[in-house]
Amino acid sequence: MQKRLPYRFPVLQLLLLLGLGTVALLAGMFLASRPGPEEFPPSAEESETVAALSLPESQQQQELQRLAQGPASAERDRAAYILAAQALEQGQAAESLSLLSPLDPKSSHLGGYILLKQAQA
């Protein structure tokens, strides 16, 4: 009489597949619950801040100040950073710090640069 193989092998496969499915489900839930990065900042061609840099000096300062005082956005961060860098070049460290203080290095695409300018000031 032939011996029958035990049914362990299909049960083991089933348990392995269930375990992998559970891990994949949990990983998907974890990745879906994480907050996504801020939307990409506008490219240089679309940026009002970059366009302001091509203006004459007096108009450039006015336009950058207008953008830096606007609502929280990538454009505001860019304009404030440029004004802070210019103030620092002129030796106005306090002015530079006051321009950088509203910017959050953790949420801005310029985070590392903001921290660097704050340290330099």
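The values are calculated or read from the model by the stated rules, or taken from the named source; none is laboratory data. Quick caveat, the model's predicted, so the values are computed rather than measured. So basically every Cβ, Gly included, is an ideal-geometry build from the backbone, and we count neighbours across all protein chains shown.
A few comments on the model shown:
- Checking each residue in region 84-103 for being surrounded by 22 or more Cβ atoms within 10 Å (Cβ to Cβ) and more than 19 Å from the chain's Cα centre (by Cα) picks out Ala84, Ser96, Leu99.
- Region 64-106, residues that are under 19 Å from Ser47 (Cα atoms) and either in contact (Cβ under 8 Å) with a residue 40 or more places away in the chain or aliphatic (A, V, I, L, M) (or both): Leu64, Leu67, Ala68, Ala72, Ala74, Ala79, Ala80, Ile82, Leu83, Ala84, Ala85, Leu103
- In region 56-67, the qualifying residues are those that are touching a Ser or Thr at 6+ places or on another chain (Cβ under 9 Å) and not charged (D, E, K, R), and the one that is farthest from Leu100 (Cα to Cα) is Gln60.
- Residue ID - surrounded by the fewest Cβ atoms within 10 Å (Cβ to Cβ), chosen from residues in region 1-47 that are among the small types (Gly, Ala, Ser), modelled with pLDDT under 75 and closer than 26 Å to Arg78 by Cβ: Gly36
- Selection from region 66-83 of residues that are surrounded by 15 or more Cβ atoms within 10 Å (Cβ to Cβ) and modelled with pLDDT of 85 or more: Leu67, Ala68, Glu75, Arg76, Asp77, Arg78, Ala79, Ala80, Tyr81, Ile82, Leu83
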